[in-house]
Structures are given as C-alpha cells and as structure tokens.
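Student: Have a look at the structure that comes next, please.
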C-alpha cells in the first residue's frame, strides 16, 4: 500500500474534491485531517490544525502545492480530461505523450498536483 500526504487549506473541501472527481473513499474526516483511500492508495489531507502542518524547527511553514504528485491511471485519458474540465478542474499542461504513455497534470483546490496517466 502507498500512502501520501498533501498539505491542504481545508481537509473537508479537499476530501469532497477527491471523492467526487477521482473516486476516493473517506476513511476519516475531521477538521484537521481527512484520510482517503482508492485501492491500495491512501492519501492524507493535512489541514492547518494537523501535526503535519507544524512549522519546521527553523520556522519554515509547511504549505500546499509543489510538483510531487499521485498518479491516477486511466484507460482513456482524453475522455477523463473531457469529464473533469466541466467540473472546473484546472490543468497545468495539455496531454503529452512520452515513453510509456500519455499524461496530464491536474491541480487540486490547493494546487497539489495529480497526474492522470494512460499507459501505452
């Protein structure tokens, strides 16, 4: 099982985003954190009140966004993007092809990256 943690502004809203758009299931949703699963993937959505959001010893604040990302596999990337765009989901790029398949990077409400991937 793989577990990932994303820093988010509002765990409840982020949980709704992932369940409604990407088929995750809620395991826990409290004000400070939401824990979601999809198959063998667990994502922890850590809000401002969670221990994961505490400042580092040097004072550096933890915050959302970045380029590390979860990957969600699909059999038809064009259809998946066509389904997500009307829901208001933004993308960092267009669909690109490379060794092994096609990919596009979507943003969650806090700017965390979600790679949608179709293998060749």
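Student: Please figure out what share of the DSSP beta bridges in the chain is antiparallel and state it in percent, rounded to the nearest 5.
Tutor: Details: 22 of 33 bridges.
Just about 65 percent of them are antiparallel.
Student: On to the next question. Using 0.36 nm per residue, how much length does the chain from residue 82 to residue 28 gain when fully extended, once their Cα-Cα distance is taken away?
Tutor: Numbers: separation 54, 0.36 × 54 = 19.44 nm, distance 3.00 nm.
The span from residue 82 to residue 28 would gain 16.4 nm if fully extended.
Student: In bins 10 Å wide, starting from 0, what share of all Cα pairs of the chain does each bin hold, as a percent?
Tutor: Once binned at 10 Å, the Cα pair distances of the chain give 13, 43, 32, 10, 1.
Student: Using only the alpha carbons of the range 1-64, what is the convex hull's orientation-averaged projected area in square nanometres?
Tutor: Values: hull surface 17.2 nm².
Seen from a random direction, the Cα hull of the range 1-64 projects 4.3 nm² on average.
Student: In nm, to one decimal, how far is the modelled label at residue 63 from the one at residue 12, with both set 7 Å along Cα→Cβ?
Tutor: Taking the simple label geometry, residue 63 and residue 12 are separated by 2.5 nm.
Student: Place the peptides 8-16, 77-85 in order of packing, highest mean first, counting for every residue the other Cβ atoms within 10 Å and averaging per peptide.
Tutor: Values: 8-16: 19.8, 77-85: 14.8.
Going from most to least packed, we get 8-16, 77-85.
No lab work stands behind these numbers, since they all come straight from the coordinates. Quick caveat, the model's predicted, so the values are computed rather than measured. As a convention, Cβ positions derive from the backbone with ideal geometry for all residues, glycine included, and neighbour counts pool all protein chains shown.
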